[in-house]
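*Asks:* Attaching a single structure in structure tokens format; questions to follow.
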Amino acid sequence: MLELSTGACRVLGSLLEKELTVPATYPLTMNGLLTACNQTTSRDPVMSLTEPEVTTALAELRELGLTRLVHASHGARTVKYRQVADEVWGLDGGARAVVTVLLLRGPQTPGELRSRGERLHPFGSVDEVLEELEQLAARPEPLVARRPRGPGQKEHTWMHLGGGDGSYPTISPFSYTEEIELRPVPGKPMLAYRSSTRATTDGRALHGESGFVRLVDGGGVELVVAQGSGLVEVADGVLDGDELVLVSTGVTGTTTAKRVDATERRYRVDGATLTYDVAMAAVGQPLLPHLQATLHRA
């Protein structure tokens, strides 16, 4: 899986965008790149990246072969930055526009991608956007994936495959990589489950949980997990088409664990790709989106 930090996604998206929208000032200087990353329009979330953070993101992208330095001629000392992701990933036209908007704005519906990407590529219809998305998702190394529908959503949204992203009103946004292991329990209608995550920025451990996924009479599914943060979560669920929806029936914790009142997990498997969303009600907040990620079977 392509693993990009949140900062690297913003830097790469900004370079892809500005090459098309302001070609006269492209490649970008550090000041120009900072302005592009932190602008308050066409960005979700709005960020306040610092020069050291952008420098770290550029180093991450350069290591992956997705950006290059441009040294000015005639004695000028200003270094500029350009992206080569379009060459590495074979992106042009609609595919490039779709990936750019997803990097800058996060998960979007095909209709949102059409309207928000019109400066980058003139899509004739939403079906054209969907065709590009499906082609990007069908690659041997996919660049996008379809997400499960969230509560109240009528349409599926799509996301770029830059790893997992987390957010909540009480914490700063973060990105992570994850390994999930599911193993059959011999002679029992259940799977042993284990998940561990690490920060994409420095590889430090973030979260771990383990437990069981249990099949019950009538087609139901139960989940029981213990988390390293001191919580135990029990949830009931059903298969809704191609999605597994699990809603907590109880969350309890140790005396030092943060209070969590409820969770909702939505999983979708499409071939060798697992996509999920997790919502959480915690520390006095209502049920709100918390985690979203896409994983590929190893």
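The values are calculated or read from the model by the stated rules, or taken from the named source; none is laboratory data. Because the structure is predicted, anything quoted here is derived from the model rather than measured. As a convention, Cβ positions derive from the backbone with ideal geometry for all residues, glycine included, and neighbour counts pool all protein chains shown. In case anyone asks, the SASA skips ligands and DNA or RNA and just uses the protein heavy atoms, side chains included. Shrake-Rupley method; radii C 1.70, N 1.55, O 1.52, S 1.80 Å.
*Asks:* In a solvent-free Debye calculation with one equal scatterer on each Cα, what is log10 I(q)/I(0) for segment 214-269 at q = 0.23, 0.28, 0.30 Å⁻¹, listed in the order of the q values?
*Replies:* Debye curve over Cα of segment 214-269, log10 I(q)/I(0) at q = 0.23, 0.28, 0.30 Å⁻¹: -0.87, -1.09, -1.17.
*Asks:* Tell me the relative contact order for segment 1-153 as a rounded percent, counting alpha carbon contacts under 8 Å between residues six or more apart.
*Replies:* Taking the mean separation of contacting Cα pairs over the length of segment 1-153, I get 23 percent.
*Asks:* Still on this structure, I have one more. Indicate the helices, whole DSSP H runs only, in the chain that combine a mean Kyte-Doolittle hydropathy of -0.5 or more with a Cα extent along their long axis of 20 angstrom or more.
*Replies:* Flagged H segments are 6-21.
*Asks:* To the nearest Å, what is the center-to-center distance of segment 214-270 and segment 168-204, using C-alpha atoms only?
*Replies:* Distance between centres, Cα-based: 13 Å.
*Asks:* Among rounded, prolate and oblate, which fits segment 198-298 when a ≥ b ≥ c are the square roots of the eigenvalues of its C-alpha gyration tensor, a/c under 1.5 means rounded, and a/b larger than b/c means prolate?
*Replies:* oblate
*Asks:* Moving to a separate point now. Could you work out what % of the accessible surface of segment 148-298 is carbon and sulfur, using a 1.4 angstrom probe and leaving DNA, RNA and ligands out of the count?
*Replies:* Carbon and sulfur atoms account for 56 percent of the accessible area of segment 148-298.
*Asks:* Averaging sequence separations of C-alpha pairs under 8 Å and six or more residues apart, then dividing by the length of the chain, give the relative contact order as a whole percent.
*Replies:* Normalised by residue count, the contact order of the chain is 12 percent.
*Asks:* What Kirkwood hydrodynamic radius, in Å, does segment 91-250 give when the mean of 1/r is taken over all pairs of distinct Cα atoms and then inverted?
*Replies:* That comes to 18.2 Å for segment 91-250.
*Asks:* Return the inverse of the average 1/r over all pairs of distinct C-alpha atoms in segment 202-243, which is the Kirkwood hydrodynamic radius, in Å to one decimal.
*Replies:* 12.1 Å
*Asks:* Could you list log10 I(q)/I(0) for the chain at q = 0.06, 0.09, 0.15 Å⁻¹, which the Debye formula gives when each Cα is one point scatterer?
*Replies:* Taking Cα atoms of the chain as identical point scatterers yields -0.22, -0.49, -1.21.
*Asks:* Using helices alone, I'd like the mean residue ellipticity at 222 nm for the chain: each DSSP H run of four-plus residues gives -39500 (n - 2.57), total over residue count, nearest 500.
*Replies:* -7500 deg cm²/dmol
*Asks:* In nanometres, what is the gap between the two model label sites at LEU288 and VAL238, each 7 Å from Cα along Cα-to-Cβ?
*Replies:* Placing both labels 7 Å along Cα→Cβ, they lie 3.0 nm apart.
*Asks:* Please give me the summed charge of the neighbours of ASP127: other residues whose Cβ is under 12 Å from its Cβ, Lys and Arg +1, Asp and Glu -1.
*Replies:* -3
*Asks:* In what order, largest first, do ARG214, ARG198 sit by accessible area if the probe radius is 1.4 Å?
*Replies:* Largest to smallest exposure gives the sequence ARG198, ARG214.
*Asks:* Something else: Mind checking the dipole of the chain: about its Cα centre, +1 per Lys or Arg Cβ, -1 per Asp or Glu Cβ, Debye to the nearest 20?
*Replies:* 660 debye
*Asks:* Another question, if that's okay. Roughly how many Å² is the accessible area per residue of the chain, as a whole number, for a 1.4 Å probe?
*Replies:* Accessible surface, normalised per residue, equals 51 Å².
*Asks:* Charges only on Cβ, +1 for Lys and Arg, -1 for Asp and Glu: so what's the dipole of segment 156-298 about the Cα centre, in debye to the nearest 20?
*Replies:* Roughly 380 debye for segment 156-298.
*Asks:* Which percent of the accessible heavy-atom area of segment 1-117 goes to carbon and sulfur, probe 1.4 angstrom?
*Replies:* 50 percent
*Asks:* Next question. Ranked by accessible surface with a 1.4 Å probe, highest first, in what order do LYS188, LYS258 come?
*Replies:* Heavy-atom accessible area, descending, gives LYS258, LYS188.
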